[in-house]
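Reviewing the structure listed below.
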Amino acid sequence: MTTTVAAAAKPRLGGVPGYDERSAFLLVAPLAVVLMAVAVFPIVYSFYISLFTIKLTRPGRTPFVGLDNYITVLSDPQFWYAVERTAFFAVLCVSAIAVLALLMALLLNEEFPGRRVLSALLLVPWAIPYVANALMWKWIYDSNYGALNGLLYQLDFINSYMVWLGDSDKTLALIANAFVWKEVPLATILLLVGLKTIPADLHAAAKVDGANAVSRFFHVTLPSLKSSFGLVVVYETMMAIRHFDLFFILTEGGPGDASHVVAWRIYVETFRNLSFGTGAAMAYLLALATLALAYVIIRALARKI
Amino acid sequence: MTTVTSIRALNRRNFLKTAAVGLGAASLASRAGPALAAEPISFATWSAAVDTVKSHLAAFEAKTGIKVAYSNSPWAQYRETMITKFIGKAPIDTLWVSDSWLPEWAEAGWIAPVDQYKSLTDNSDVDQFCIDSMTYKGKQYGNTYYSDYMAFIYNAELLEKAGIKAPPETWAEVAAQAKTIKDKGLAQWPVLFSMAQESWLIEFMTAMVYSNGGRFADDKGNAMMQEPAGGAAPALRWLVDAVQKQQILSPSCVETGELAVLKAFSSGEHAFALTPKYRLRTLNDPAQSKIAGNAKIALMPSGEKGSHATVGWMRFYGMTPRAQADATRAADTVKLMDWFGGKADGEYTFQKMLFRDVGSGFGVKSLFSDPEIRAGYASYGDVDLIGKQQSLARKKDVVTPWFGEWNDVNGTAWQQAIMGKVTVEQALNTSAAKWTELKKQS
């Protein structure tokens, strides 16, 4: 009997698939087909069209150009300015999110009256859709009738209304602020989960060894949060690099080229200039850069854990 | 048992045969010419005056018996939506077209000339800039939907408080009067312009350029915005000085859209604005504006070497090659275009409906003498001055197949100059270089 069971469980290499394999295949097949249609095919097809000059306003003229679109994009100084701005935006956002989320997670990890209410309130920004969030910040930042100017003026912090999004030196930081406000809750939850998994014994042992709260934070809490931090940093970096909604609604890339990030340039090239070839090439470059960056961050954090 | 099986098999065979015949017949029927002709006329617009359009369509269908399939999509995405539909060969017979897209769509073969349809090209009652705006390479591509122009508006109450007797006639006077108003503490930013990156931006710029005697491009389509004489420099320099030196125009103008200007000017905090002329009605509506009764139109101020010229724009009914491919369909489409863009039952009914409902302008000269229109305008504006300014309107000289792509670069360059990030010359050289590059590629 034992022999029979073992023989049945043994995988058949090169033979006719058995009932179990066929059933498994049939059960997975619909999902595989859907994934092929909605994920794999668009990825492959977008790479394919990035090898052609495809401009919708010139139908019938779509020559194969190989990697020329990639060369064109990479040799355009405006693209590199956009890369700089994207990097600045991502670093600003991820740093702020990491610090604020850590502080919030530490707070919510303590027992105090109203903790549950605060936890629920914290989720509000996360629950607001990106477009609604952007429209809300547009009203807040408006230089003529915005809530920010109104508040600062009433509190006597300013004598006259300030220019916010229209000041190119402030634009990216203000958009980053709106992004951080939306993203901090999720990062807080991820870090809070990490905090909950730290054994209480570690803190108790450190206390016995005479470590004060600051020492315990740097030598117990922070090292234990590395994997959660890794997740937050990778996820938020990818979100920040690819982010588009706030740029579209708050500034439309302006003023001037102050908020021309890579995602914005992809939108303009693809959907305004209707140049699908170069647009796809840019999108591919952004995807590859995001992937490479995520890989580097994960490797770096994995080495330290 | 055998009998049951054979009946089942027979039934299955019969079913399959019937289904195959049915599908084949349906397929053939869908390809047949008469079926195409029997399809309703497909009419696409952006989402404006939807109820007015529907009501006028219902009257058309009742009168002619011609069925119309009406669809609309938001203005902000209209160009991209329609191009995607054209590429996907979606059925469209007639549609609203902006003058800005005419060369692009005509070159791509998405809209067709209408010169062979006499009723559509009877321009005896149409303003010249409207005819120009519907014409590309000598061929006319439609008939008028609505037209308007960029107007110079002032707040009469604020001028009176500042002791200013008459509105400015030149851009130098605008700056001087604004300075007086600012110095008297009546307004922090007396001038209010929209310089945000949106579709209106080119109209604001062109109004400034024309009134300063400049141009973006010459008659052959070569860039001339960068030329010190006859280019766009005086207009852009005025804006830069207004923001950077005289501080009569807020630096936030680069984030202020056309709608925001309307709201802000309605608050009474500003003395001068450029707005589409049809906004005059809202500005003088007590339910929507604090300055109702005090928002007045003046002729566009002139530059040192300029005139009172302004920019006019045109939206028209275009016709697709699909509509023209079938004689019956073409005839029905022309009837529909006439009903909306021309006269319906002997009157410019739809133009008057639009004017009554939303204050829209029109490209029909005789309507300025229409008692109903004159009475409507008189309630919030000087009808003769409105007509005079319209007669000085000119079509945009940047409307080319590469306009859309150049427009983004040009808008960015102007904004950078206004913010003081680049000089006027650098901005206009950037704009001109992009224009020349795109012209070569086209």
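So, residue A:137, is that one surrounded by 16 or more Cβ atoms within 10 Å (Cβ to Cβ), touching a Pro at 6+ places or on another chain (Cβ under 7 Å) and in contact (Cβ under 8 Å) with a residue 24 or more places away in the chain or not? It is false that residue A:137 is surrounded by 16 or more Cβ atoms within 10 Å (Cβ to Cβ), touching a Pro at 6+ places or on another chain (Cβ under 7 Å) and in contact (Cβ under 8 Å) with a residue 24 or more places away in the chain. Remark: residue A:143 matches the filter, which requires a residue to be part of a loop (DSSP other than H, G, I, E, B) and touching a Leu at 6+ places or on another chain (Cβ under 8 Å). Residue-level check: of (1) touching a helix residue (DSSP H, G or I) at 6+ places or on another chain (Cβ under 6 Å); (2) within 14 Å of another protein chain (Cβ to nearest Cβ); (3) not aromatic (Phe, Trp, Tyr), residue B:306 misses just (2). Considering segment B:371-382, and only residues there that are surrounded by 18 or more Cβ atoms within 10 Å (Cβ to Cβ) and not aromatic (Phe, Trp, Tyr), the residue that is farthest from residue B:115 (Cα to Cα) turns out to be B:381.
Criterion applied to A:168, A:160 was being under 28 Å from the mean Cα position of the chain (by Cα), closer than 23 Å to residue A:254 by Cβ, among the polar types (S, T, N, Q) and assigned to a loop (DSSP other than H, G, I, E, B), and the one residue passing it is A:168. For residue A:198, the conditions (1) more than 14 Å from chain B (Cβ to nearest Cβ); (2) part of a loop (DSSP other than H, G, I, E, B); (3) at pLDDT below 90 all hold with the exception of (3). Candidates in segment B:188-231 are the residues that are in a loop (DSSP other than H, G, I, E, B) and of a type in the set (Phe, Trp, Tyr); of these, the one that is nearest to the other protein chains (Cβ to nearest Cβ) is B:189.
Among the residues making up segment A:127-183, a single one is within 10 Å of chain B (Cβ to nearest Cβ), among the charged types (D, E, K, R) and over 27 Å from residue A:98 (Cβ atoms): A:142. For segment B:249-272, the candidate set comprises residues that are buried (at least 24 other Cβ atoms within 10 Å of the Cβ) and not in a loop (DSSP other than H, G, I, E, B); within that set, the residue that is farthest from the other protein chains (Cβ to nearest Cβ) is B:272. Among the candidates B:47, B:119, the residue that is out of contact with any His (no Cβ under 6 Å at 6 or more places or on another chain), closer than 20 Å to residue B:344 by Cα and away from chain A (no Cβ under 14 Å) is uniquely B:119. Condition first: crowded, with 19+ Cβ neighbours inside 10 Å and modelled with pLDDT of 90 or more. Now tell me which residues in segment A:147-161 satisfy that. The one that is crowded, with 19+ Cβ neighbours inside 10 Å and modelled with pLDDT of 90 or more: A:149. In segment A:246-258, which residues are more than 10 Å from chain B (Cβ to nearest Cβ) and modelled with pLDDT under 95? Selection gives A:248, A:249.
From A:137, A:80, grab the single residue that is of a type outside the set (A, V, I, L, M), part of a helix (DSSP H, G or I) and touching a helix residue (DSSP H, G or I) at 6+ places or on another chain (Cβ under 7 Å).
Numbers: A:80 fails: touching a helix residue (DSSP H, G or I) at 6+ places or on another chain (Cβ under 7 Å).
On inspection, the qualifying residue turns out to be A:137.
Can residue A:278 be described as in a helix (DSSP H, G or I), surrounded by 16 or more Cβ atoms within 10 Å (Cβ to Cβ), within 13 Å of chain B (Cβ to nearest Cβ) and at negative phi? For residue A:278, the condition - in a helix (DSSP H, G or I), surrounded by 16 or more Cβ atoms within 10 Å (Cβ to Cβ), within 13 Å of chain B (Cβ to nearest Cβ) and at negative phi - is met.
Of B:364, B:358, all but one fail to be closer than 11 Å to residue B:146 by Cβ and surrounded by fewer than 18 Cβ atoms within 10 Å (Cβ to Cβ); the exception is B:358. With respect to residue B:180, is the statement that it is among the polar types (S, T, N, Q), away from every other protein chain (no Cβ under 14 Å) and under 17 Å from residue B:315 (Cβ atoms) true? Criteria not met by residue B:180. Can residue B:414 be described as crowded, with 23+ Cβ neighbours inside 10 Å, aromatic (Phe, Trp, Tyr) and within 30 Å of residue B:283 (Cα to Cα)? Criteria met by residue B:414. Taking the criterion of being farther than 22 Å from residue B:429 by Cα and within 14 Å of chain A (Cβ to nearest Cβ), the only residue of segment B:232-247 that qualifies is B:247. Within segment B:325-341, can one find any residue that is touching a Pro at 6+ places or on another chain (Cβ under 6 Å) and either buried (at least 22 other Cβ atoms within 10 Å of the Cβ) or not assigned by TED's automatic domain parsing to the domain that holds residue B:120 (or both)? No - not one qualifying residue is present in segment B:325-341. Those helices (runs of 4 or more DSSP H) of segment B:1-101 in which 2 or more residues are at pLDDT below 85 and over 14 Å from residue B:333 (Cα atoms) occupy B:2-31, B:33-38. Sub-6 Å Cβ pairs linking a first residue in segment B:387-410 that is within 14 Å of chain A (Cβ to nearest Cβ) and in a loop (DSSP other than H, G, I, E, B) to a second residue that is surrounded by fewer than 20 Cβ atoms within 10 Å (Cβ to Cβ) and of a type in the set (Asp, Glu), at least 6 apart or interchain, are B:401/B:107, ordered by first then second residue.
Table: residues versus (1) at pLDDT 95 or above; (2) closer than 19 Å to residue B:355 by Cα; (3) in the same structural domain as residue B:210 (by TED's automatic domain parsing).
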position: B:274; (1), (2), (3): yes, no, yes
position: B:278; (1), (2), (3): no, yes, yes
position: B:283; (1), (2), (3): yes, yes, yes
position: B:298; (1), (2), (3): yes, no, yes
position: B:307; (1), (2), (3): yes, no, yes
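The values are calculated or read from the model by the stated rules, or taken from the named source; none is laboratory data. Everything quoted here is computed from the prediction, not taken from an experiment. Note that each Cβ is placed from the backbone with ideal geometry, even for glycine, and that neighbours are counted across all protein chains shown.
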